[in-house]
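See structure below.
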Amino acid sequence: MKSFLKNLRYAGQYTLLLGTGLWLLTACGREKSSQYQSVDTAMGTVIRQTVYATQDASEIMAGIRREITTLEDEWISRRKKSSQIYQINAQSGSEKGIDVPEYLLQMLENIFQVSEESGGTLDITIGEAVRLWNIDEYAVLDGSGSADVKEVQEFQVPAREALAQALERAGYEKVKTEGEKIYLPQGTTLDLGAVGKGMACDEVLGYLKEQPAVQGAVITIGGSILTYGQKPEGGAWKVGIIDPRDTDGYMGRLVLEGQWCVSTSGDYERYVEKDGVRYHHIIDPSTGYPADAGLISVTILSRDGWLSDALSTACFVLGAEKSVALLEKYDAYAVMVEKDGNIILSPGMEQYFRAE
Ligand code: AMP
Ligand code: MG
């Protein structure tokens with residue numbers, strides 16, 4: 001009994017000491033936190049990092065980049081043989097099913113759930129139709145992360161029959177999951193282009209949480225942005241929303257405290273103009289043609305990156321009115337811009353959005 005009490009007191013002292021140490025560290029950490037910035041490319045897009053840290057952040061920033069490239073190379077790349085998605089696609093048609101690690105299976109189920117709730121407007125099986133359009137080939141990324149697109153003469157609108165055939169092989173509802181397996185019909189493939197940047201935000205968030213030196217960060221991965229923690233001087237994060245018809249400027253900003261994800265899908269990001277018609281990269285799975293539901297930009301605010309990215313694509317195809325019900329189901333908020341420049345805020349977004 002005596003020794004038990006002694007142990008208890010020791011434990012108490014130790015906790016107290018550790019507690020004080022932590023408090024001191026945090027206090028002087030706040031004073032010394034500095035800003036570190038970098039710009040580079042990964043996942044076929046521009047990565048911008050702003051990190052507030054109590055020590056030199058170059059290794060942390062390299063770690064963030066590693067998280068993004070690992071997600072791409074080992075999990076979701078459609079082109080790299082090393083990736084899980086590549087391996088799954090290569091086995092389409094397998095009757096005994098394809099083994100999928102739990103992380104990816106759970107993610108695919110989450111995505112299919114959004115497809116279901118959004119009337120199929122988000123459909124990660126329409127990659128073949130996307131590639132018939134081949135918009136990415138023509139839309140060249142400039143340094144700002146938005147596409148710098150010229151009138152392209154060689155661009156061809158795909159033949160109607162070819163699109164119809166591609167859509168026949170597509171359809172998220174034909175894909176089944178069971179236990180640890182996925183069943184993909186022959187010729188159906190998965191393409192996570194619409195959710196990958198958001199998934200990367202989630203991976204980066206997990207990494208940042210393990211970095212005690214990081215007090216706050218804003219990480220931009222193409223059209224998806226993660227905010228994390230706080231600025232050393234306090235005050236909210238301000239995330240600009242690009243003006244879809246003057247892409248060097250902003251139409252407004254979101255004023256955010258702490259951790260959020262913001263994803264934008266817009267018809268200005270990757271597009272081709274031919275004979276006065278703008279063909280952009282977001283395809284309506286019900287027609288095979290670029291979505292035309294009256295919106296030119298959709299920005300989603302959510303706690304989860306994969307979800308903000310999934311919803312930005314889904315809502316762009318769905319149109320403003322139907323999107324409101326979908327957003328409510330997922331506790332997410334949207335800023336939607338109509339063709340005539342009207343800005344629509346979904347319920348709840350007014351507390352975060354400020355017009356420029
Ligand atoms: P985002 O910019 O997040 O809206 O994603 C657009 C990308 O996702 C495109 O470049 C295509 O690779 C792919 N995509 C286009 N339309 C759809 C759709 N309706 N559902 C799923 N993926 C799509
Ligand atoms: Mg998206």
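In the stretch 288-314, how many are more than 13 Å from ligand 2 (Cβ to nearest atom) and in contact (Cβ under 8 Å) with a residue 60 or more places away in the chain?
Of the residues in that region, 3 qualify.
Taking the stretch 256-278 on its own, how many of its residues are open to solvent by 40 Å² or more (accessible area, probe 1.4 Å) and in contact with a Lys or Arg (Cβ under 9 Å, 6 or more places away or on another chain)?
So the answer is 2.
With the requirement that a residue be of a type in the set (A, V, I, L, M, F, W, C) and either buried (at least 18 other Cβ atoms within 10 Å of the Cβ) or under 17 Å from residue 197 (Cβ atoms) (or both), what does the stretch 228-239 give you? Walk me through how you get there before you give the answer.
First, pick out the residues of the stretch 228-239 that are of a type in the set (A, V, I, L, M, F, W, C): 236-237, 239.
237, 239, listed by residue number.
Every residue in the stretch 232-278 that is within 12 Å of ligand 1 (Cβ to nearest atom) and over 23 Å from residue 303 (Cβ atoms), please.
267, 268, 269, 270, 271
Among the numbered conditions (1) within 23 Å of residue 113 (Cα to Cα); (2) of a type outside the set (Ser, Thr, Tyr); (3) in contact with a Cys (Cβ under 9 Å, 6 or more places away or on another chain), tell me where residue 221 comes up short.
Only one criterion in (1) within 23 Å of residue 113 (Cα to Cα); (2) of a type outside the set (Ser, Thr, Tyr); (3) in contact with a Cys (Cβ under 9 Å, 6 or more places away or on another chain) is unmet by residue 221, namely (1).
Run down 300, 283, 225, 242 and say which single residue is at pLDDT 95 or above, among the hydrophobic types (A, V, I, L, M, F, W, C), crowded, with 24+ Cβ neighbours inside 10 Å and under 18 Å from residue 344 (Cβ atoms). Please lay out each step first, then the result.
Working: 283 fails: under 18 Å from residue 344 (Cβ atoms); 225 fails: under 18 Å from residue 344 (Cβ atoms); 242 fails: crowded, with 24+ Cβ neighbours inside 10 Å.
Exactly one of 300, 283, 225, 242 is at pLDDT 95 or above, among the hydrophobic types (A, V, I, L, M, F, W, C), crowded, with 24+ Cβ neighbours inside 10 Å and under 18 Å from residue 344 (Cβ atoms), namely 300.
Residues of the stretch 231-272 being within 16 Å of ligand 2 (Cβ to nearest atom) and hydroxyl-bearing (Ser, Thr, Tyr), which ones?
Listed by number, the residues that qualify are 263, 264, 265, 268, 271.
So is residue 96 touching an Asp or Glu at 6+ places or on another chain (Cβ under 6 Å) and open to solvent by 70 Å² or more (accessible area, probe 1.4 Å) or not?
When the stated conditions are applied, residue 96 does not pass them.
Can you tell me which of 332, 314 is within 13 Å of ligand 1 (Cβ to nearest atom), open to solvent by less than 10 Å² (accessible area, probe 1.4 Å) and of a type in the set (Gly, Ala, Ser)?
Among 332, 314, only 314 is within 13 Å of ligand 1 (Cβ to nearest atom), open to solvent by less than 10 Å² (accessible area, probe 1.4 Å) and of a type in the set (Gly, Ala, Ser).
Can you pull out the residues in the stretch 53-67 that are over 14 Å from residue 40 (Cβ atoms), open to solvent by 20 Å² or more (accessible area, probe 1.4 Å) and in a helix (DSSP H, G or I)?
59
Being open to solvent by less than 10 Å² (accessible area, probe 1.4 Å) and away from ligand 2 (no atom under 16 Å from the Cβ) narrows it down to one of 157, 175, 195, 204, so name that one.
Going through 157, 175, 195, 204 in turn, the sole match is 204.
Being in a helix (DSSP H, G or I), within 16 Å of ligand 2 (Cβ to nearest atom) and at pLDDT 95 or above: is that true of residue 120 here?
No.
The values are calculated or read from the model by the stated rules, or taken from the named source; none is laboratory data. Remember, predicted model here, so these are calculated numbers, not experimental data. So basically every Cβ, Gly included, is an ideal-geometry build from the backbone, and we count neighbours across all protein chains shown. For the accessible areas, the whole protein counts, side chains as well, though only heavy atoms, and no ligand, DNA or RNA atoms are used. Shrake-Rupley method; radii C 1.70, N 1.55, O 1.52, S 1.80 Å.
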